[in-house]
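Report on the structure given below.
Each reported figure results from applying straightforward, stated rules to the coordinates on display, with no laboratory input. The shown structure was predicted, so the numbers you read here are calculated from the model rather than taken from an experiment. A quick note on method: Cβ atoms are made from the backbone with ideal geometry, for glycine too, and the neighbour counts reach across all protein chains shown.
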Amino acid sequence: MASNLSNRRWLLTSYPEGMPDESHFELQENVEVPALEDGQILVHARYLSVDPYMRGRIAPGANYAAGVEPGGLMQGGGVGEVIESRSPDFREGDIIETRDFGWQEYVVLGPDNGVTKVDPDLAPIQSSLSYLGMPGLTAYFGMFEVINAQPGDTVVVSAASGAVGQVAGQLGKAHGCRMVAVASSDDKLDWCKEIGYVDGVNYRTAADDLPGALKAACPDGVDGYFDNTAGPIHDAVMENLAQNARIAVCGTVSLADRLGQPDIGPRYHRQILVARARIQGFIVFDFAETYEEARNHIAGLVQKGELQFKEDVSEGVETMAASFLKLLYSDNFGKQLVRVSG
Ligand SMILES: NC(=O)c1ccc[n+]([C@@H]2O[C@H](COP(=O)([O-])OP(=O)(O)OC[C@H]3O[C@@H](n4cnc5c(N)ncnc54)[C@H](OP(=O)(O)O)[C@@H]3O)[C@@H](O)[C@H]2O)c1
């Protein structure tokens, strides 16, 4: 069966030096799908996940996970249907999710690939790539394990309308925090307020005085900062720390055009000292042993009708590279996905 199929997949052509563009990626067509060996399954993608972390994986420097070399298949998560199985654990028709899908229409997966069955009756299957998957878990652990958010805390979230930011905002609201969004447009901030953020800062229109705009939104200072971006938003928060502030460094998407080069900006040792602040980086995988607890917590909000979620869906595997670039230029509005089939 597999030999009748041909795959389309995206390769990295070269490491970008500044901001990536479409020339750094190549769509390969008519790629043969290998026949299955014992223990393997063949999966047809329904949705592929598009994530900012791929910027770090296409840079030659050290990272927390192995990257893609020029000529290699672009990595990424996906959810799809098992169309052939030589595994005792999966049947044709099963819907599965894996981090190891890659930017392609078909994938052959084996026991080492971390494949999870998805229950299509529980929630839309693509939620396993968003609020019930990696971005949702990241929001949960960032809020509760790293920031240790407490009821009454003022918590600022950058990229607040994105996949992680939407969930962080709603988790914080449900926990009794005063959530403040930072985003690039008023439309995005309006959405953030609809889902529970009490205030917001447009970092583009307020660029002349970002610390002042944050002060207006956080008059008693910032107790928790969920940092998805680094850059000037981070700097503005550092000027507004409350006593014992906790800063969770989750992502550095604003550095997409200068990975591998020194960051620029002021130093904040005095502010950290005076506020007795704590800054901690984290990677969601650090909390793998308690994923179930986090997923149940988020699923509980979903069941009570207390979680809203916006997706930004492009059509067809051929849109993967353009969809990825949208994230780096703030052009996505909600979790960026690519629908491949179904
Ligand atoms: N540590 C972990 O384990 C982990 C796991 C998942 C994700 N992350 C990180 O979490 C962050 C959010 O990821 P996501 O999947 O939820 O993506 P996302 O927020 O849905 O999309 C990326 C967003 O980044 C913002 N952005 C892009 N360029 C920017 C710039 N120069 N300055 C400020 N904001 C900029 C844009 O929002 P605006 O329109 O508001 O600019 C864009 O919508 C990323 O940094 C990602 O790498 C970390």
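Based on the Kirkwood radius over alpha-carbon pairs, what value in µm²/s does the Stokes-Einstein equation return for the translational diffusion coefficient of the stretch 266-342 at 10 °C and 1.306 mPa s?
D = 96 µm²/s.
Going through the stretch 45-120, which GluC sites (Glu not before Pro) have at most 14 other Cβ atoms within 10 Å and a DSSP loop state? Sparse-neighbourhood loop GluC sites (Glu not before Pro): Glu92.
With contacts defined as alpha carbon pairs under 8 Å and 6 or more residues apart, what's the relative contact order of the chain in percent? Reported as a whole number, the value is 17 percent. Approximating the spin labels as points 7 Å out from Cα along Cα→Cβ, the Ala207-to-Gln28 distance works out to 3.9 nm. Ranked by the mean number of other Cβ atoms within 10 Å per residue, highest first, peptides 21-29, 210-218 order as 210-218, 21-29. Full extension of the chain between Glu239 and Asp21 yields a length gain of 75.1 nm, computed as 0.36 nm times the residue separation minus the alpha carbon distance. Value of Rg to Rh for the stretch 1-125, rounded to two decimals, is 0.99; Kirkwood radius and Rg both from alpha-carbon coordinates. Entry for the chain at q = 0.07, 0.11, 0.12, 0.14 Å⁻¹: log10 I(q)/I(0) = -0.30, -0.72, -0.85, -1.13, Debye formula applied to identical alpha-carbon scatterers, no solvent contribution. Here, P(r) means the percent of Cα pairs in each 10 Å bin from 0 to the largest distance; for the stretch 1-69 it is 16, 38, 32, 14, 1. Across the stretch 134-285, Cα-Cα pairs more than 21 Å apart make up 36 percent of the total.
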